[in-house]
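Below is one structure, written out as C-alpha cells; the observations come after it.
The values are calculated or read from the model by the stated rules, or taken from the named source; none is laboratory data. Keep in mind it's a predicted model, so treat the numbers as computed, not measured. Glycine gets a Cβ as well: all are built from the backbone with ideal geometry, and neighbour counts include every protein chain shown.
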Amino acid sequence: MAALSAAIAMDVRVSSSARLGRGVLILAAISVLVGLLVLPLMAIFAEAFRRGLAFYLNAVREPETIAAIRLTLTVAAIAVPLNLVFGLAAAWAMTHFQFPGKALLGALIDLPFSVSPVVAGMMLILVYGKYGWLGAWLESHGIQIIFALPSLVLATVFVTLPFVARELIPLMQAQGSEQEEAALTLGASGWQIFFRVTLPRVRWALLYGVLLCNARAMGEFGAVYVVSGHLRGITNTLPLQVDQLYEENFSAAFAVASLLALLTVLTLAIKRLLEWRHGDHLNAGH
Amino acid sequence: MTHHVLPGFRLSAGYTLTVLGSCVLLPLAALLWTAFELGPSGWWAQIGTRRVLAALRLSFGASLLAAIIDTLLGLLVAWVLVRYRFAFRRVCDALVDLPFALPTAVAGLALTALYASNGWIGSRLLPLGIEVAYTRLGVLLAMVFVGFPFVVRTLQPVLESLDTDLEEAAYTLGASPRQRFLKVILPLLLPTLLTGFALALARAVGEYGSVIFISGNRLFQTEIAPYLIVQKIESQYDYRGAAALSAVMLIASLLLLIAVGVLQRWARRWAVIR
C-alpha cells in the first residue's frame with residue numbers, strides 16, 4: 001500500500017493532469033451525493049417549514065397525526081423485540097449447530113429483503129385476509145388480523161426480518177463456538193452461556209441491527225399500506241398518514257414527513273457513531 | 001439426528017421456524033398456490049392485458065436502466081471514498097446510507113417536491129424542455145435513488161481490500177492510470193459490480209413508496225407493477241389479478257436472489273486473486 005501511495009504521489013507530482021483528474025472525480029462524486037441525496041433531504045425540511053413554525057407545530061399536533069405517531073411506536077415496540085429475539089435465535093441455531101436444510105434456512109432469512117413490500121402485503125392477505133387460507137377460521141374465532149394492528153405487525157416483521165439476523169450470523173460465525181463450549185464444560189447452563197458469554201460478545205452488533213430494524217419498521221410504507229386499509233386515526237401509521245395528507249394538505253404532509261426524516265438523520269448518526277466507536281465488535285465490511 | 005454439543009437447538013430453531021413459518025413461508029406458499037391454481041391460461045388472462053403489460057414493461061425496463069446508472073454512479077462514489085482523502089469524506093460516506101434509512105414515502109414526497117415544475121430542480125429543467133415529475137423519467141429517478149447505496153456498499157470493502165501488487169506491477173510496466181483502471185482494477189471488480197447491480201435491480205423492481213408519488217400513476221404511461229397490485233386489491237377487489245401479478249414479481253425476485261448468491265460465490269473465488 002505504501003509503495004502504491006508513493007507511486008500515486010509521484011504520479012501526482014509528475015503530471016498535473018493526474019491531479020486534475022483526481023479533483024474532477026472528487027467533485028463529480030460530491031455532486032452526485034449532493035444532487036441525489038442531500039437536496040431531497042433538504043427539500044423535505046424546506047417544504048415542512050414553508051408556512052412557518054406555527055403551521056408546522058399545528059400540523060404535527062393534529063389528533064390524527066398524534067394517533068399515527070402512537071400507532072407507529074406501538075407497531076415498532078412489538079415488531080422490533082420480536083425481530084431481536086428472532087435474530088438471536090436464528091443466529092444461535094445457524095452458527096452453533098449443523099443440521100440438514102441449514103443453507104435453505106439462511107436463504108429464507110434473507111428472502112424478505114428481495115421481495116417487493118407490496119407483494120409481501122399481498123401474501124399476508126392471502127393467508128390472513130377474509131378470503132385467505134386462515135380467514136374463515138380466524139373470523140369464527142373473532143380474530144381480526146388484516147386491516148388491524150396484527151397485520152401491521154406481521155407486515156413490519158416480514159420486511160425487517162433479516163436486519164438483526166444478518167448482523168449476528170456472520171459475526172457469531174467468525175467468533176466460533178469455543179467460548180460457549182468452554183463455559184459448558186465449566187458447568188454453565190444454556191441460559192448462563194447465552195447471557196454471560198454470547199450476548200456480551202455480540203451486543204454492539206445486536207444494537208446495530210436493532211437500530212436499522214427500527215428505522216425500517218417505523219418507516220415501512222408499501223407492505224403496511226396493503227394490509228392496513230389505511231383507516232384514519234385507527235390503522236394509519238406515520239408514513240400512511242403522510243400519504244393521505246399529501247392528497248389534501250401539501251405542507252402538512254411535509255411537516256409530518258419531516259418527523260420521519262429526523263428519525264432517519266438520527267438513525268444514521270447513531271449508526272456512524274457505532275461504527276466509529278465499536279467497529280471492531282461489528283462485522284467487518286460495514 | 002446429529003448430536004449437538006451446545007444446548008438450545010430446539011428452542012432457537014423452533015422459534016426461528018415459527019416466525020419464518022407464519023410471516024414468510026405460509027404467505028409465500030399461499031401466493032404460489034393461488035397463482036398455480038389459476039393455471040397458465042387463467043394466469044395469462046390476468047397478466048396479458050394492455051395495462052398490466054405496460055406496467056411490467058415499465059417496472060423491469062426502468063429498474064434495469066436505474067441499476068445500470070447506479071452501477072456507474074456507485075463505482076465513481078465508492079472509488080472516490082476509498083482512494084482519495086478530502087474534506088467531508090466521512091460525512092459523504094455516511095450520506096450514502098440515506099436511501100436505506102429514509103422511509104420510502106418520504107423519499108417519494110421529497111423527490112416530487114424537488115422535481116415538480118415549481119420545485120428547485122424541476123423549475124430549472126422546465127425551460128430546457130425536460131419534465132421529470134409525473135413522467136417515466138421520474139420513475140427512473142426514484143429507482144436510481146433507492147438502489148444507489150447497494151452498489152457503493154457492495155464495492156467499498158472489496159476496493160479497500162484490493163491488493164495493490166497488481167496495480168504496482170502495471171505501473172512499473174508503464175501502464176497509464178487509465179490502463180491500470182480499465183485493464184487491472186475493473187476486471188477484478190467485475191463480480192462485485194454485478195452483485196451490486198443485481199441488488200440495486202432487485203430493490204428497484206419491487207419499489208413502491210418512492211416511485212408512486214413522482215410517477216403520477218398515469219394509465220399506460222407511468223404505472224409500475226407494484227402500483228397495479230395495490231390498485232387491484234384496493235379499488236377492484238381483484239385478488240386473483242393481484243396474486244397473478246404478485247407471483248410474477250415474486251419469481252423475478254427469487255431469480256435475482258439466486259443470481260446474487262451465484263455472483264457472491266464468484267466474487268469470493270476472485271478474492272483469492274485479490
*In segment B:25-38, which residues are at the interface with chain A (Cβ under 8 Å from one of its Cβ atoms) and surrounded by 21 or more Cβ atoms within 10 Å (Cβ to Cβ)?*
B:Pro27, B:Leu28, B:Ala30, B:Leu31, B:Thr34
*Counting only residues that are of a type in the set (Ser, Thr, Tyr) and in contact with a Ser or Thr (Cβ under 9 Å, 6 or more places away or on another chain), which one in segment A:232-286 is farthest from A:Tyr56 (Cα to Cα)?*
A:Thr235
_Subset of segment B:134-150 [crowded, with 24+ Cβ neighbours inside 10 Å, more than 10 Å from chain A (Cβ to nearest Cβ) and more than 13 Å from B:Thr104 (Cβ to Cβ)]_ = B:Gly138, B:Val139, B:Phe150
*Pairs under 8 Å by beta carbon, first residue free of Cβ contacts under 8 Å to residues at least 24 places away in the same chain in segment A:146-165, partner surrounded by 24 or more Cβ atoms within 10 Å (Cβ to Cβ), six or more apart or different chains?*
A:Pro150/A:Tyr128
*Quick one: in segment A:193-236, of everything that is touching a Gly at 6+ places or on another chain (Cβ under 9 Å) and not in a helix (DSSP H, G or I), which residue is farthest from the other protein chains (Cβ to nearest Cβ)?*
A:Thr235
_Which numbered condition B:Arg153 fails, given (1) more than 9 Å from chain A (Cβ to nearest Cβ); (2) surrounded by 14 or more Cβ atoms within 10 Å (Cβ to Cβ); (3) out of contact with any Pro (no Cβ under 9 Å at 6 or more places or on another chain); (4) within 30 Å of A:Val265 (Cα to Cα)_ = (1)
*Out of all the residues in segment B:95-118, which are more than 7 Å from every other protein chain (Cβ to nearest Cβ) and farther than 24 Å from B:Val80 by Cβ?*
B:Gly108, B:Thr112, B:Tyr115, B:Ala116, B:Ser117, B:Asn118
*Consider A:Gly87 against the criteria (1) surrounded by fewer than 17 Cβ atoms within 10 Å (Cβ to Cβ); (2) in contact (Cβ under 8 Å) with a residue 12 or more places away in the chain; (3) within 11 Å of chain B (Cβ to nearest Cβ): it satisfies all of them except one. Which criterion is unmet?*
(1)
*Say we look at segment A:21-35 and pick out the residues that are more than 7 Å from chain B (Cβ to nearest Cβ) and not small (Gly, Ala, Ser); which of these is farthest from B:Phe181 (Cα to Cα)?*
A:Val34
*Is segment B:181-199 home to any residue that is in contact (Cβ under 8 Å) with a residue 12 or more places away in the chain, assigned to a helix (DSSP H, G or I), within 9 Å of another protein chain (Cβ to nearest Cβ) and under 30 Å from B:Ala113 (Cβ atoms)?*
yes
_Being in contact with a Lys or Arg (Cβ under 8 Å, 6 or more places away or on another chain) and part of a helix (DSSP H, G or I) narrows it down to one residue among B:Ala13, B:Ala54, B:Ala94; which is it?_
B:Ala94
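Specify which of the listed residues (B:Glu207, B:Glu234) is among the charged types (D, E, K, R), facing another protein chain (nearest Cβ under 9 Å) and crowded, with 16+ Cβ neighbours inside 10 Å. Talk me through it step by step, then tell me what you get.
Numbers: B:Glu234 fails: crowded, with 16+ Cβ neighbours inside 10 Å.
So the residue among B:Glu207, B:Glu234 that is among the charged types (D, E, K, R), facing another protein chain (nearest Cβ under 9 Å) and crowded, with 16+ Cβ neighbours inside 10 Å is B:Glu207.
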*Do we find a residue being at the interface with chain A (Cβ under 7 Å from one of its Cβ atoms) and surrounded by 17 or more Cβ atoms within 10 Å (Cβ to Cβ) anywhere in segment B:82-93?*
yes
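Only one residue in A:Leu104, A:Leu108 is farther than 24 Å from A:Glu180 by Cα, facing another protein chain (nearest Cβ under 7 Å), in a helix (DSSP H, G or I) and without any contact (Cβ under 8 Å) to a residue 24 or more places away in the chain. Which one?
Working: A:Leu104 fails: facing another protein chain (nearest Cβ under 7 Å).
That would be A:Leu108, the only listed residue that is farther than 24 Å from A:Glu180 by Cα, facing another protein chain (nearest Cβ under 7 Å), in a helix (DSSP H, G or I) and without any contact (Cβ under 8 Å) to a residue 24 or more places away in the chain.
Quick one: is A:Val242 facing chain B (nearest Cβ under 10 Å), within 23 Å of the chain's Cα centre (by Cα), among the hydrophobic types (A, V, I, L, M, F, W, C) and crowded, with 24+ Cβ neighbours inside 10 Å?
On the way: facing chain B (nearest Cβ under 10 Å): yes; within 23 Å of the chain's Cα centre (by Cα): yes; among the hydrophobic types (A, V, I, L, M, F, W, C): yes; crowded, with 24+ Cβ neighbours inside 10 Å: yes.
Criteria met by A:Val242.
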_Just to be sure I understand the filter: pairs with C-beta atoms under 9 Å, separated by 6 or more residues or on different chains, first member in segment A:179-190 and more than 15 Å from A:Trp92 (Cα to Cα), second member of a type in the set (D, E, K, R) and modelled with pLDDT of 90 or more. Which pairs pass?_
A:Ala183/A:Arg196; A:Ala188/A:Glu180; A:Ala188/A:Arg196
*When the residues of segment A:158-192 are filtered to those that are at the interface with another protein chain (Cβ under 9 Å from one of its Cβ atoms) and surrounded by fewer than 16 Cβ atoms within 10 Å (Cβ to Cβ), which remaining residue is nearest to A:Leu212 (Cα to Cα)?*
A:Trp191
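Do you know which of the residues in segment B:156-166 that are within 31 Å of the chain's Cα centre (by Cα) and without any contact (Cβ under 8 Å) to a residue 40 or more places away in the chain is nearest to B:Trp79 (Cα to Cα)? Reasoning before the result, please.
Within segment B:156-166, the first condition is being within 31 Å of the chain's Cα centre (by Cα), and the residues that meet it are B:156-164.
Keeping just the survivors that are without any contact (Cβ under 8 Å) to a residue 40 or more places away in the chain gives B:157, B:164.
On the way: B:Pro157: 11, B:Thr164: 14 Å.
Selected residue: B:Pro157.
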